[in-house]
Amino acid sequence: MEITYLKGVGPKRAELYKKLGIETVEQLTELYPRDYIDFTNIVKVSDAETGDACAIRAVVVKKTAPFSEYAKTALYKAELADDTGRITAVFFNTKYSFEKLEIGREYLFYGKIGGDLVRKQILSPLFVSPEEKGLFPKYPLTAGLTNNMISANVRTALTIVKHEDRLPQEIRERFGLLGAEDAVRKIHFPKSRAEYSEARRRLVFEELLTLRLGLALMRGRGRNLSGAVLTDVDMSAFFSPLPFTPTSAQLRAVNDCVSDMKKLYPMNRLIQGDVGSGKTLVAAGAAYFARCNGFTTLVMVPTEVLARQHYATFRGFLEPLGVRVGLLSGSMTAAEKKAVRAAAADGEIDVLIGTHALIQKSSGIKKLGLVVVDEQHRFGVGQRSALAERGINPHILAMSATPIPRTLALIMYGDLDVSILNEMPKGRLPIKTYAVNSSYRARVYAFIRKHIAAGKQAYIVCPLVESAEGKSEKAGAIEYYERLVRGEFHDIPTGLLYGKMKQADKDRVMTDFKENRLSLLVSTTVIEVGIDVPNAVVMLIENAEQFGLSQLHQLRGRVGRGSEQSYCILMTDSRSEYTRARTTAMTETTDGYKIADKDLQLRGPGNFFGREQHGLPPMKVADLADDAAVLGEVEKLAEEVISADKTLSLPENAGLRKNVEKLFGQTAEYGWN
């Protein structure tokens, strides 16, 4: 049923709901609260303290409307009283709420206490009748929709919509879960914290189980298709000319790829390795294996600079072996792009490298056998699935330098087999990391200048600018850059990089830095996943307390790419225990997985990725980190369900199948059918 026809909504309000992504009454019942106002902990008027937000139980004694409701600030006031004193409720420009109050009637009010000891006020309070005592939902809002409006509409919607229980009864009983109808009602209007926890657990369990089953089905769907089945090749021809000895982890990973690509279904593998662990060599090995079997490889990367970098690296590994490597670049002319695509279609290119956007337009690749996706966390599971269903169902090799705690990796990469590169190439020295305060600034700048004078390069990561100061990332970066080039680094070729620059300008600056036309690069966090410049040996990160640990580690990974000693300096004036714990972790280890685990521990589960998980369908209730305990239960159950029913086609699993189709069908990119 369209939400327009719900009593109390109508066409105008329906348009506002559309901004929240809600067009049906059923969707409204799934707009779960983001928080709650606690009407269970009542404070007496005499005990309400100025500055606190609290709930009081009081009778409306008197109401006073403003002289003109059209004034710039129309104040509506209501005198409230309990058995300990009086307080004034003040409503700003909210005639609708004020008019609902009845003189002589008792309500529960919740709001911030203002005024002074003589005359207390409760500002813009929410209010409910005493029988509604419990946790009052706070919903995501948009201009024109108030919390009270949404709450009232949800109550009406819950009288109309009946929620089918799609979890099999055996699972509900085994895990002690509420029924669907009960859980949805209680998540909106719980009478207590315990009731809320019980309702949330049911919904989180179902959502995570659905996600896990969906990923398993996606994996199974690829495996029901025949890919480019390859046959054995002597890989020593690839390894023997290398000017270095590959690590054991690299050899294992190449072996994993070769083994996968000889099977009857497409490879779907993730190479997860810390910054500098040598993932590109593994990808080049897989591409060589594909080419020896007569198949072409596509390499997809997030930026043009990375595409050019990979182009140079792949050529170095493969061209001496007779493998033809091509580049499809955004800065090419239309004629050049057309010529490259034509060459790929005619089978004149064995490995084609470009950005995601460019490559996805290239459907006419002759004998496409392998797709390599760099920076996997920027490339959704649905895009992987779409690739699997294109052309001849190519093998997919994804790569990520983002270390992720195992509990999260199980879900994020649930449709992939994983190879981990846990060794660094020989000759790489661990980056020396130091934490200092701003009293060391002059010494740090001198340290940077010394290395630049010796022919090396350096990064300075700009301080973050708080939005409250009214400055954008761009304004803060430009101001900081100009201060440096007018001052301490006036005689040093210096570049500036920030997120909102045009891609062509970003690419130009990064290319100039890579080719040593710039000695110093001042940048915001856009370099977190960036270029490989072995000559860059020093990084200064300003305001280090404002970055997450894993982000600091990714930034640090921009140096230490060559054989010389590199340095990362974290500058912060924060003295908090939290900052100290993070800087200690950074100075004590360069192991990305240890840092990811520490980050999860320090930042609190809800903040590691937040609600919007990389490349996954949106979660309505669950938080992958917050709900790690439920994840463990769901992981085992999903394996059990899939091993007994690989396509969820048994009658008892029909509800689970519906859930999967609904979750993965929310976004067209998943192409669920």
Is there a residue in the range 126-149 that is at pLDDT 90 or above and out of contact with any strand residue (DSSP E or B) (no Cβ under 7 Å at 6 or more places or on another chain)? no
May I ask you to list the residues in the range 102-134 that are under 39 Å from the mean Cα position of the chain (by Cα) and closer than 24 Å to Lys7 by Cα? Leu126, Phe127, Val128, Glu132
Leu251 being in a loop (DSSP other than H, G, I, E, B), out of contact with any Asp or Glu (no Cβ under 9 Å at 6 or more places or on another chain) and of a type outside the set (S, T, N, Q): no
Qualifying positions in the range 282-309 - modelled with pLDDT under 90, of a type outside the set (Asp, Glu) and part of a helix (DSSP H, G or I): Val305, Leu306, Ala307, Arg308, Gln309
Given the conditions (1) buried (at least 19 other Cβ atoms within 10 Å of the Cβ); (2) in contact with a helix residue (DSSP H, G or I) (Cβ under 7 Å, 6 or more places away or on another chain); (3) not in a helix (DSSP H, G or I), every one holds for Ala183 apart from (3)
In this structure, is Tyr76 more than 17 Å from Ile42 (Cα to Cα), out of contact with any strand residue (DSSP E or B) (no Cβ under 8 Å at 6 or more places or on another chain) and either assigned to a strand (DSSP E or B) or at pLDDT below 85 (or both)? no
Filter the range 1-37 for residues that are among the acidic types (Asp, Glu) and either in the same structural domain as Ser124 (by TED's automatic domain parsing) or farther than 27 Å from Ser124 by Cβ (or both) and give the result. Glu2, Glu23, Glu26, Glu30
Going residue by residue through the range 128-139, is there one that turns out to be closer than 28 Å to Asp82 by Cβ, β-branched (Val, Ile, Thr), crowded, with 20+ Cβ neighbours inside 10 Å and in contact (Cβ under 8 Å) with a residue 24 or more places away in the chain? no
Regarding the range 192-207, can at least one residue be identified that is modelled with pLDDT under 95, outside any helix (DSSP H, G or I) and acidic (Asp, Glu)? no
So Asp491 fits all but one of (1) assigned by TED's automatic domain parsing to the domain that holds Gly455; (2) touching a residue at least 12 places away in the same chain (Cβ under 8 Å); what number is the exception? (2)
Among residues of the range 535-594 being surrounded by fewer than 18 Cβ atoms within 10 Å (Cβ to Cβ) and basic (Lys, Arg), the residue nearest to the chain's Cα centre (by Cα) is Lys594
When you scan the range 94-107, how many residues do you find that are under 14 Å from Glu79 (Cα atoms) and not in a helix (DSSP H, G or I)? 7
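A quick yes/no check of all residues on (1) in a loop (DSSP other than H, G, I, E, B); (2) in the same structural domain as Thr94 (by TED's automatic domain parsing); (3) among the aromatic types (Phe, Trp, Tyr):
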| residue | (1), (2), (3) |
| --- | --- |
| Gly111 | no, yes, no |
| Ile122 | no, yes, no |
| Leu126 | no, yes, no |
| Gly144 | yes, no, no |
| Ile150 | no, no, no |
| Asn153 | no, no, no |
| Thr159 | no, no, no |
| Glu164 | yes, no, no |
| Glu173 | no, no, no |
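The values are calculated or read from the model by the stated rules, or taken from the named source; none is laboratory data. On a predicted model such as this, the values are computed, not experimentally measured, just so you know. Quick reminder, even Gly has a Cβ in these numbers, built from the backbone with ideal geometry, and neighbours come from all protein chains shown.
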